[in-house]
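Worksheet: one structure, shown below.
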Amino acid sequence: MNLIYPPKCGICGKICKESLCKKCEKKLESNTIWEIKENQNPYIFFEELISIFKYEGIIRDKIIDYKFNEKSYLYKTFTIFLLKNKKVFEKIQSYDTIIPVPISEKRKKTRGYNQSLLISREISKKTGIKLQEKNLIKIKNTIEQSKLDKEEREKNVQNVYQIKNEEILKNKKILLLDDIYTTGNTVNSCCKILKKAKPKKIGVIVIAKD
């Protein structure tokens, strides 16, 4: 398979053993923030937010490619950076389970994949943290958040998520994964539903923070 489809760097497209060449790795490091921020807002339903990049420049372009331009292979490139920092790696391993922000069945058929699920699977494989990909579901198709203003975004994600099995999340430390954190409405709406399962802790991890 490597002869037919040789592994390439997700950023520059050059053939390399990993999904990120050394030159591009150094280029991306200028966008890293490696931030772990505790929540102090009573209206937010998660305890901490882990962010890897600033949502700008080449990272912004690549996330847009990943979500909207059928470049699903970029999940491997993003995962390399999600696990690259020792502090973030250890923080991820402190959780019991990882859950990707779900997308609707309609959007999944159009896009072909859930971008958050691909990264969550890779993190699960690399760290051993348990993946739950079908417990949190999206029950309504909504407008893309990027097309809405702040007020519209908040309304757009209300009452659109559901847990299928609350019992298996009780007293667990849950890590919710999404691609971008802008207003936080999407992850907060998911975490509000996850709170119903009475978990021990909820954290959120994102590729990039706006």
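So the values come out like this:
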quantity	calculated
Restricting the stretch 136-155 to residues that are part of a loop (DSSP other than H, G, I, E, B) and modelled with pLDDT of 80 or more, the residue that is surrounded by the fewest Cβ atoms within 10 Å (Cβ to Cβ)	I139
Test: residue in the stretch 78-91 that is modelled with pLDDT of 95 or more and part of a loop (DSSP other than H, G, I, E, B)	no
Pairs where the first residue, in the stretch 106-134, is within 18 Å of I80 (Cβ to Cβ) and in the same structural domain as F78 (by TED's automatic domain parsing) and the second is among the acidic types (D, E) and outside any strand (DSSP E or B), C-beta under 6 Å, 6+ apart	L117/E133
Counted residues, the stretch 156-210 - those being hydroxyl-bearing (S, T, Y), at pLDDT below 95, in contact with a strand residue (DSSP E or B) (Cβ under 7 Å, 6 or more places away or on another chain) and not in a helix (DSSP H, G or I)	1
Criterion violated by P42 - all others in (1) under 22 Å from the mean Cα position of the chain (by Cα); (2) in a loop (DSSP other than H, G, I, E, B) satisfied	(1)
Leading residue by the ranking (nearest to K170 (Cα to Cα)) among those in the stretch 92-128 that are among the acidic types (D, E) and modelled with pLDDT of 95 or more	D96
Among residues of the stretch 45-66, those that are closer than 21 Å to E25 by Cα and not in a strand (DSSP E or B), counted	12
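The values are calculated or read from the model by the stated rules, or taken from the named source; none is laboratory data. These figures come from a predicted structure and were not determined experimentally. Here Cβ is always computed from backbone atoms with ideal geometry, including for glycine, and neighbour counts include all displayed protein chains.
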